[in-house]
Amino acid sequence: MAGWRQKRAYRTDYTPRFSMRIRKKKKEREARAFLKKLDPLREQRRKINTKAVGRWALEIALVLVLAFVAVTYFGIRVISMDNGMNPQIRNQQSVMVNRVVYNASKPKRGDIIVFKPRGNEKDRYYIRRIIGMPGEKLQIKDGAFYIDGKKLNASYAKGSIAEPGLAEETVRLGNDEYFVMSDNQYNMEDSRASNIGNVKRSAVYGKAWFVPSISRQFGFLK
């Protein structure tokens, strides 16, 4: 008699609600535990990023300082206003000036310097080569330089000087004075002329060191 009744179907996928809440809380605890494990890694990454940013900022500051120094002391340009230093420097060519070198050392014989005659700030810049040093006695005799009675033998002093100018007689240089000459001896705008004369150390603007011209004069000065 009981066979006619259908078997009652029971759900096999049913899960009580309190069991779902337990699972949810368990997952939340696992998530919090996982995040807690990540905290030291995050802190370490934050420290690494801070160091990287600090190092990056320091490098940028250093580059800016170096750029400022380069432009201020090595990137200054003056224009040659004559052919006095031809063939190395021609009229209207730009010349780079090193303004810091003479803070660490004194000008030397043979250096090409930039100066203003007699320290006159209203005058133009001149570019000439140092021949006589402070305290020396200089004379141009028989077309050659004589320093303290001895003939100067240097590559830049070769050739006969036709016009001795003021140096026809012995020139006595003071303790802070230099005798300068044009490489082109026919240009008399140097210490041989009375309007320029001896150049005081305070009038020296810097050392000419490079010609940035797109020509065969391009390069370092000798």
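Contact annotation: residue pairs with Cβ atoms under 7 Å, 6 or more positions apart or on different chains, pairing a residue in segment 165-194 that is over 13 Å from residue 128 (Cα atoms) and touching a residue at least 24 places away in the same chain (Cβ under 8 Å) with a partner that is among the hydroxyl-bearing types (Ser, Thr, Tyr) and surrounded by fewer than 21 Cβ atoms within 10 Å (Cβ to Cβ), are 166/194.
Quick test for you: out of 84, 132, 110, pick the one residue that is in the same structural domain as residue 191 (by TED's automatic domain parsing) and in contact with a Ser or Thr (Cβ under 6 Å, 6 or more places away or on another chain).
On the way: 132 fails: in contact with a Ser or Thr (Cβ under 6 Å, 6 or more places away or on another chain); 110 fails: in contact with a Ser or Thr (Cβ under 6 Å, 6 or more places away or on another chain).
When all the criteria are applied, what remains is 84.
What are the residues in segment 176-197 that are out of contact with any helix residue (DSSP H, G or I) (no Cβ under 9 Å at 6 or more places or on another chain), more than 16 Å from residue 90 (Cα to Cα) and part of a loop (DSSP other than H, G, I, E, B), if any? Answer for segment 176-197, where residues must be out of contact with any helix residue (DSSP H, G or I) (no Cβ under 9 Å at 6 or more places or on another chain), more than 16 Å from residue 90 (Cα to Cα) and part of a loop (DSSP other than H, G, I, E, B): there is none. For segment 198-207, the tally of residues that are within 17 Å of residue 104 (Cβ to Cβ) and either aliphatic (A, V, I, L, M) or part of a strand (DSSP E or B) (or both) stands at 4. At least 3 residues being surrounded by fewer than 13 Cβ atoms within 10 Å (Cβ to Cβ) is the threshold, and among the strands (runs of 3 or more DSSP E) wholly inside segment 71-146 not one reaches it. Say whether the condition of being touching a strand residue (DSSP E or B) at 6+ places or on another chain (Cβ under 8 Å), crowded, with 16+ Cβ neighbours inside 10 Å, in a loop (DSSP other than H, G, I, E, B) and among the small types (Gly, Ala, Ser) is met by at least one residue in segment 149-163. Scanning segment 149-163 turns up no residue that is touching a strand residue (DSSP E or B) at 6+ places or on another chain (Cβ under 8 Å), crowded, with 16+ Cβ neighbours inside 10 Å, in a loop (DSSP other than H, G, I, E, B) and among the small types (Gly, Ala, Ser).
The values are calculated or read from the model by the stated rules, or taken from the named source; none is laboratory data. Please read these numbers as outputs of a predicted model, since none were measured by experiment. Don't worry about glycine lacking a Cβ; one is built from the backbone with ideal geometry, like all the others, and counts go over all protein chains shown.
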